[in-house]
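Enquirer: I'd like to ask some things about the structure below.
The values are calculated or read from the model by the stated rules, or taken from the named source; none is laboratory data. Every value quoted in this text rests on a predicted model; they were computed, and no experiment measured them. Heads up, the Cβs are rebuilt from the backbone with ideal geometry, glycines too, and the neighbour counts pull from every protein chain shown. Only protein heavy atoms, including side chains, enter the accessible area calculation; ligands, DNA and RNA are left aside. Shrake-Rupley method; radii C 1.70, N 1.55, O 1.52, S 1.80 Å.
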Amino acid sequence: MSTPEVLKSAYQLLEDALLYYRGEPVGTAAAMDRELAAPNYNECFVRDFVPSALVFLYEGKVDVVRNFLRLVAELRHQQSVMAGHDRAFGLMPASFSLPARDDPSGTARADFGERAIGRVAPVDSAMWWMILLRNYVVVTGDVALAHSAEFQESMRLSLDLYLKESFETSPAMLVPDGSFMIDRRMGVSGHPLEIQALLYGMLNTAKELLLPTPDNEALLVKCKKRAQTLRSYVRIYYWLDNRRLNAIHRFRSEEFGDDIANHFNIYPETIPDWMDGWLPEKCGYLVGNLGPGRIDFRVFALGNLLSILFGLASDEQATEIMNLYETHWSDLAGVMPVKLVYPAVSGVQWSYTTGSDPKNAPWSYHNGGNWPCLLWAFVGAAVRTDRHDLGRKALDLAMNKLLDDGWPEYYDGKSGSLIGRRANLGQVWSATALILAYHFLESPDSLAVYEAINF
Ligand code: GLC
């Protein structure tokens with residue numbers, strides 16, 4: 001298929017996926033497959049809508065994005081309260097469903113994880129909401145929306161919840177399993193990288209959009225300080241290159257006190273076999289998770305790519321992450337970029353990491369599947385690091401296949417050559433990610449949107 005045909009089909013899918021509420025477009029369905037893998041794929045997911053929104057911003061269809069931001073802010077009030085708990089309005093829904101277009105009296109219904117598979121908490125939603133609000137403001141210049149009493153209140157509620165003192169021992173944020181794009185048990189509880197990158201984006205958004213009123217002063221100071229400490233912490237402790245790997249390999253353990261090297265008591269024996277010889281010079285990445293006695297050495301794509309886009313990784317680290325993609329293209333990108341996490345867990349490790357989840361079989365879905373929806377972040381990171389060559393390679397691979405394959409949600413296999421066994425077709429963020437990737441590389445007038453996703 002030619003590039004114009006692929007783009008036309010992607011735009012058509014986006015158009016077909018538009019959801020209306022009280023006569024206005026407010027979001028997009030996650031997938032347009034008639035045989036959906038789960039019934040809620042016809043809902044609008046907050047995280048899935050982000051690339052749709054960026055396409056709408058590029059196309060000047062800014063109303064949809066504004067309507068979405070308003071509706072989600074309003075829906076936060078639908079949260080139910082568990083007995084013995086207070087209501088924490090800071091959370092935003094994972095997704096929402098809408099009444100039929102010809103039913104003017106029906107109401108939108110938000111899902112805060114109480115209906116979702118596995119009852120997972122959508123911690124990333126409010127973060128994406130704030131980051132998208134900033135994207136909207138940067139592109140449209142409509143700062144009045146962010147400065148409105150309703151949106152200021154919305155941001156404050158989320159920040160109050162997300163910055164609340166808990167049992168932290170570091171500037172990284174502690175979350176339960178499955179609290180972001182990987183919304184299933186996958187060993188991603190604790191301090192997963194993607195959440196740290198999103199938190200960094202959220203804090204920087206707050207610095208720009210929270211009005212410096214006397215009421216906000218303390219909160220703004222907190223945001224600034226936390227962004228600084230989080231950035232240093234991630235750059236130092238999450239970073240893994242050959243030099244750091246050597247240091248970990250020679251770590252002493254059981255160290256006590258202030259002046260020690262092995263802060264988390266990492267046992268060198270936890271370095272997985274696949275790492276041996278895998279990290280060449282001038283390459284590195286941010287590890288997936290970090291905690292007492294624990295480094296998750298898996299490479300999680302979105303956390304690394306967002307860290308590049310948001311400036312959480314240093315410029316040098318960003319370059320080395322992209323070098324790693326170049327060196328290990330078949331492992332990390334394959335024939336359908338980009339692999340969500342490398343490598344897959346298998347055998348006994350699969351049983352205890354995923355809870356024996358057959359959808360997350362090795363090299364499938366969240367467990368080493370390839371997700372075209374990551375293309376926009378990959379190409380954005382490639383442009384930022386001046387690696388247009390890698391961005392083009394990824395885009396070409398997707399251009400050649402995605403439409404023919406019917407816009408699958410994900411691919412299976414080590415190289416990502418098989419359409420995912422349980423993947424939806426007509427997955428909207430697979431199409432919108434391709435549209436964005438194409439414009440970032442080929443359309444100079446996409447600069448405003450590209451800049452809006454960078455900090
Ligand atoms: C799956 C994905 C999640 C996505 C949802 C809708 O649950 O894990 O990240 O938001 O599908 O596409």
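Enquirer: List pairs: first residue in the range 361-385 and under 19 Å from Leu397 (Cα atoms), second residue within 13 Å of the ligand (Cβ to nearest atom) and at pLDDT below 95 anywhere in the structure, Cβ distance under 6 angstrom, at least six positions apart or on different chains.
Expert: Listed by first residue and then by second, the contacts come to nothing, as the list is empty.
Enquirer: Same structure again: Kindly list the number of the only condition in (1) away from the ligand (no atom under 16 Å from the Cβ); (2) among the hydrophobic types (A, V, I, L, M, F, W, C); (3) open to solvent by 10 Å² or more (accessible area, probe 1.4 Å); (4) in contact with a Gly (Cβ under 8 Å, 6 or more places away or on another chain) that fails for Val137.
Expert: Going through the list (1) away from the ligand (no atom under 16 Å from the Cβ); (2) among the hydrophobic types (A, V, I, L, M, F, W, C); (3) open to solvent by 10 Å² or more (accessible area, probe 1.4 Å); (4) in contact with a Gly (Cβ under 8 Å, 6 or more places away or on another chain), Val137 breaks only (4).
Enquirer: Name the single residue, out of those in the range 400-410 being more than 16 Å from the ligand (Cβ to nearest atom), touching a residue at least 40 places away in the same chain (Cβ under 8 Å) and not in a helix (DSSP H, G or I), that is surrounded by the fewest Cβ atoms within 10 Å (Cβ to Cβ).
Expert: My answer is Asp404.
Enquirer: Okay, next question. If Asp445 passes every condition in (1) under 29 Å from Gly141 (Cα atoms); (2) in contact with a Gly (Cβ under 9 Å, 6 or more places away or on another chain); (3) open to solvent by 10 Å² or more (accessible area, probe 1.4 Å) but one, which one does it miss?
Expert: Exception for Asp445: condition (2).
Enquirer: Of everything in the range 162-180, what is more than 16 Å from the ligand (Cβ to nearest atom) and open to solvent by less than 50 Å² (accessible area, probe 1.4 Å)? Give them in sequence order.
Expert: Matches in the range 162-180: Tyr162, Leu163, Ser170, Pro171, Ala172, Met173.
Enquirer: Given the criteria open to solvent by less than 10 Å² (accessible area, probe 1.4 Å) and touching a helix residue (DSSP H, G or I) at 6+ places or on another chain (Cβ under 6 Å), does Leu199 qualify?
Expert: It is false that Leu199 is open to solvent by less than 10 Å² (accessible area, probe 1.4 Å) and touching a helix residue (DSSP H, G or I) at 6+ places or on another chain (Cβ under 6 Å).
Enquirer: Same structure, new question: What are the residues in the range 27-42 that are surrounded by 24 or more Cβ atoms within 10 Å (Cβ to Cβ) and near the ligand (Cβ under 8 Å from one of its atoms), if any? Give the steps one after another, and end with the answer.
Expert: In the first step, residues of the range 27-42 are kept if they are surrounded by 24 or more Cβ atoms within 10 Å (Cβ to Cβ); the result is 27-31.
Matches in the range 27-42: Ala30, Ala31.
Enquirer: Sort through Ala100, Ala73 and tell me the only one that's away from the ligand (no atom under 16 Å from the Cβ), among the small types (Gly, Ala, Ser) and assigned to a helix (DSSP H, G or I).
Expert: Criteria check complete, one pass: Ala73.
Enquirer: Out of Gly90, Gly84, which single residue is under 23 Å from Ser179 (Cα atoms), surrounded by 17 or more Cβ atoms within 10 Å (Cβ to Cβ) and either away from the ligand (no atom under 16 Å from the Cβ) or charged (D, E, K, R) (or both)?
Expert: After applying the criteria, what remains is Gly90.
Enquirer: Tell me whether the range 423-431 contains one or more residues that are closer than 19 Å to Asp331 by Cα, of a type outside the set (Lys, Arg), in contact with a Gly (Cβ under 8 Å, 6 or more places away or on another chain) and within 16 Å of the ligand (Cβ to nearest atom).
Expert: Of all residues in the range 423-431, those closer than 19 Å to Asp331 by Cα come to none.
No, the range 423-431 contains no residue that is closer than 19 Å to Asp331 by Cα, of a type outside the set (Lys, Arg), in contact with a Gly (Cβ under 8 Å, 6 or more places away or on another chain) and within 16 Å of the ligand (Cβ to nearest atom).
Enquirer: Another question, if that's okay. For the range 181-222, which residues satisfy the criterion of being in a helix (DSSP H, G or I), more than 15 Å from Pro122 (Cβ to Cβ) and within 16 Å of the ligand (Cβ to nearest atom)?
Expert: Leu193, Ala197
Enquirer: Could you say which residue among Val46, Val65 is within 16 Å of the ligand (Cβ to nearest atom) and either open to solvent by less than 20 Å² (accessible area, probe 1.4 Å) or of a type in the set (A, V, I, L, M) (or both)?
Expert: Val46
Yes/no matrix, rows are residues, columns are (1) touching a helix residue (DSSP H, G or I) at 6+ places or on another chain (Cβ under 9 Å); (2) assigned to a helix (DSSP H, G or I):
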position: Lys359; (1), (2): no, yes
position: Arg392; (1), (2): yes, yes
position: Ala398; (1), (2): yes, yes
position: Ser430; (1), (2): yes, yes
position: Ala433; (1), (2): yes, yes
position: His439; (1), (2): yes, yes
position: Asp445; (1), (2): yes, yes
position: Ala448; (1), (2): yes, yes
position: Phe455; (1), (2): yes, no
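Enquirer: Moving to a separate point now. Between a first residue in the range 107-126 that is in a strand (DSSP E or B) and a second residue that is more than 14 Å from the ligand (Cβ to nearest atom) and open to solvent by less than 20 Å² (accessible area, probe 1.4 Å), which pairs have beta carbons less than 7 Å apart while being 6 or more apart in sequence or on different chains?
Expert: Correct list of pairs: Ala110/Leu75.
Enquirer: Now for a different question. Of the residues that make up the range 40-49, is at least one closer than 23 Å to His147 by Cβ and in a loop (DSSP other than H, G, I, E, B)?
Expert: Checked against the condition, which is being closer than 23 Å to His147 by Cβ and in a loop (DSSP other than H, G, I, E, B), the range 40-49 yields no hits at all.
Enquirer: Follow-up. Just need a number here: residues in the range 361-371 that are buried (at least 24 other Cβ atoms within 10 Å of the Cβ), on the phi < 0 side of the Ramachandran plot and within 12 Å of the ligand (Cβ to nearest atom).
Expert: 3
Enquirer: What are the residues in the range 110-134 that are open to solvent by 10 Å² or more (accessible area, probe 1.4 Å) and more than 16 Å from the ligand (Cβ to nearest atom), if any?
Expert: Arg134, the sole residue that qualifies.
Enquirer: The conditions are (1) among the polar types (S, T, N, Q); (2) within 27 Å of Tyr237 (Cβ to Cβ); (3) open to solvent by less than 20 Å² (accessible area, probe 1.4 Å), and Asn323 fails exactly one of them. Which is it?
Expert: The failed condition is (3).
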